[in-house]
Structures are given as C-alpha cells and as structure tokens.
1. Are any residues in region 26-44 at pLDDT 80 or above and either loosely packed, with under 10 Cβ neighbours inside 10 Å or out of contact with any strand residue (DSSP E or B) (no Cβ under 6 Å at 6 or more places or on another chain) (or both), and if so, which ones?
C-alpha cells in the first residue's frame, strides 16, 4: 500500500531499482580484462604467478590491491529519497 501521491507498488519499485543499480555497478567492477602484468603497476613489486593465473588481467599486487580496496569508494547516484513527499513529513 502506498500513501500520499505515490501509486501502489512505488516503494517496491524504488527498492528493486536501487538493488539493480548496485548489482550492475558490482558486475562492472568484477574482474580486470586483458593481459596480466608481471610487476605491480603501483609499487613495481613482482606479482606472483598464482595471482596472475587466478585473476586474468590483474595489474596490482596483493598489498596494493588490499590498500585500494580499503579506501572509501566515492559514488554518485540518484537520491531516490529526495522526493517532495519524503520531505513533507
């Protein structure tokens, strides 16, 4: 049941759209492409053969990748909660 000016099912549609957007973003980030580097692109340390085999197209060593993954991700997006209805409460 929707309230106000929203039609029935509008909230669920917004939730589904948010989930779909996030899944697309995660899938786009899934795996590097191309040929693996033998040395890290950031620190120039050798990348192990096991890592290059496990992740084709890898460009960073484990330490540099872990450091990069620990940084907060800055993402843009649509503020679906910024509607006029939600601000009237």
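1. First, the residues of region 26-44 that are at pLDDT 80 or above: 36-44.
Of everything in region 26-44, those that are at pLDDT 80 or above and either loosely packed, with under 10 Cβ neighbours inside 10 Å or out of contact with any strand residue (DSSP E or B) (no Cβ under 6 Å at 6 or more places or on another chain) (or both) turn out to be 36, 37, 38, 40, 41, 42, 43, 44.
Quick grid of which residues meet (1) loosely packed, with under 12 Cβ neighbours inside 10 Å; (2) part of a helix (DSSP H, G or I); (3) at pLDDT 85 or above:
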{"position": "17", "(1), (2), (3)": "no, yes, yes"}
{"position": "20", "(1), (2), (3)": "yes, yes, yes"}
{"position": "24", "(1), (2), (3)": "yes, yes, yes"}
{"position": "64", "(1), (2), (3)": "no, yes, yes"}
{"position": "68", "(1), (2), (3)": "yes, yes, yes"}
{"position": "76", "(1), (2), (3)": "yes, no, no"}
{"position": "81", "(1), (2), (3)": "yes, no, no"}
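The values are calculated or read from the model by the stated rules, or taken from the named source; none is laboratory data. Everything numeric in this text was worked out from a predicted model, so none of it was measured. When we count neighbours, we look across all protein chains shown, and the Cβ atoms used for this are built from the backbone with ideal geometry, even at glycine.
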